[in-house]
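Here's the structure we're looking at; comments come further down.
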Amino acid sequence: MTGKHSDDIRRSVRTSYASIAEAEGSCCATSDASCCAPPTKSAEGKARKLGYSDTELAAAPEGANMGLGCGNPTAIASLKAGEIVVDLGSGGGFDCFLAAEKVGPEGGVIGVDMTPEMIEKARRNAEKMDAANVEFRLGEIEHLPIADQTADLIISNCVINLSPEKAAVYRDAYRVLKPGGRLCISDVVATAPLPEALRQDMAMVSSCIGGAAEVEQISRWLEQTGFRDVRIAVNEESRAFIRDWVPGVDFEGYIASATIEATKP
């Protein structure tokens with residue numbers, strides 16, 4: 001992928017998610033096509049479908065759950081007290097706040113997002129909670145603003161598909177993890193080669209569809225980076241809610257959500 005095309009994708013994604021961060025009342029208020037459910041109480045309802053409990057929904061401040069995910073990475077992460085967690089593409093901070101509850105005051109959570117408006121929103125949410133063990137940093141997930149061997153765990157929720165340089169994301173995640181650290185990600189993946197028209201459509205890329213990588217390719221990237229115990233589990237039931245993201249566009253047979261897990265030796 002050329003540098004110009006990568007920049008075009010980042011610019012499109014940043015613009016789309018800046019609009020979402022600034023919207024009042026709905027994550028879809030300013031976008032006809034976005035990686036989120038329809039308006040009203042969609043964010044809460046969608047979160048329940050993805051496996052978030054009522055207790056988890058109640059634990060985060062209002063506005064943190066923006067309905068932008070495709071899974072629940074904290075549910076698969078086996079978090080322990082005292083661990084350091086990094087969230088790639090942290091958005092309003094929803095998963096960060098849930099992780100912070102699990103790691104406790106001895107641990108910490110760092111959320112990274114490339115959209116200034118999202119960082120501002122997440123920091124306001126942290127102030128509402130007086131969350132002393134959570135911080136948010138502006139940066140690209142291909143070049144994390146985090147020191148080597150910092151994290152015990154890296155999570156992400158429906159974000160890596162948006163990156164034009166996914167192999168670089170996994171390489172930098174590997175750098176940031178401590179030896180023995182884990183990768184526990186929810187993301188949209190391609191289960192069949194996507195039509196080129198979908199891949200070239202910036203609206204579809206920003207909607208978490210056009211940039212989805214194939215399962216086999218993700219596995220190769222992880223193994224080539226050095227990860228071990230790579231496990232990618234496709235959630236076939238997810239196709240039912242993903243088809244609602246962009247009504248009128250036929251992509252259901254190509255796309256599903258998946259949990260992606262791996263370990264740094």
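The values are calculated or read from the model by the stated rules, or taken from the named source; none is laboratory data. Computed from a predicted model, the values in this text were never measured in an experiment. Every residue, glycine as well, gets a Cβ built from its backbone with ideal geometry; the counts of neighbours run over all protein chains shown. These accessible areas exclude ligands, DNA and RNA; they are computed on the full protein's heavy atoms, side chains included. Shrake-Rupley method; radii C 1.70, N 1.55, O 1.52, S 1.80 Å.
Of everything in segment 68-94, what is assigned to a helix (DSSP H, G or I) and open to solvent by 10 Å² or more (accessible area, probe 1.4 Å)? Give them in sequence order.
Answer for segment 68-94, where residues must be assigned to a helix (DSSP H, G or I) and open to solvent by 10 Å² or more (accessible area, probe 1.4 Å): Ala75, Ile76, Phe94.
Residues in segment 132-183 that are of a type in the set (Asp, Glu), in contact with a Gly (Cβ under 9 Å, 6 or more places away or on another chain) and either open to solvent by 60 Å² or more (accessible area, probe 1.4 Å) or within 16 Å of Gly226 (Cβ to Cβ) (or both): Glu135 only.
Pairs meeting the criteria (first residue in segment 215-226 and at positive phi, second residue modelled with pLDDT of 95 or more, beta carbons under 6 Å, at least 6 apart or on different chains) are Gly226/Tyr174.
Out of all the residues in segment 200-212, is one or more free of Cβ contacts under 8 Å to residues at least 60 places away in the same chain, open to solvent by 20 Å² or more (accessible area, probe 1.4 Å) and of a type outside the set (A, V, I, L, M, F, W, C)? There is at least one residue in segment 200-212 that is free of Cβ contacts under 8 Å to residues at least 60 places away in the same chain, open to solvent by 20 Å² or more (accessible area, probe 1.4 Å) and of a type outside the set (A, V, I, L, M, F, W, C).
Checked against (1) in a loop (DSSP other than H, G, I, E, B); (2) free of Cβ contacts under 8 Å to residues at least 60 places away in the same chain, Glu135 passes all but condition (1). Where helices (runs of 4 or more DSSP H) sit wholly within segment 154-246, those with at least 3 residues that are within 17 Å of Glu142 (Cα to Cα) occupy 166-176, 215-225.
Scanning segment 216-265 for residues being β-branched (Val, Ile, Thr), touching a strand residue (DSSP E or B) at 6+ places or on another chain (Cβ under 7 Å) and open to solvent by 10 Å² or more (accessible area, probe 1.4 Å) gives a total of 5. Among the residues of segment 120-129, is there at least one that is part of a loop (DSSP other than H, G, I, E, B) and open to solvent by 10 Å² or more (accessible area, probe 1.4 Å)? Within segment 120-129, none of the residues are part of a loop (DSSP other than H, G, I, E, B) and open to solvent by 10 Å² or more (accessible area, probe 1.4 Å).
For segment 103-116, residues that are assigned to a helix (DSSP H, G or I) and surrounded by 16 or more Cβ atoms within 10 Å (Cβ to Cβ) total 1. The requirement of being within 24 Å of Ser238 (Cβ to Cβ), at pLDDT 80 or above and either part of a loop (DSSP other than H, G, I, E, B) or of a type in the set (A, V, I, L, M, F, W, C) (or both) is not satisfied by Ala64.
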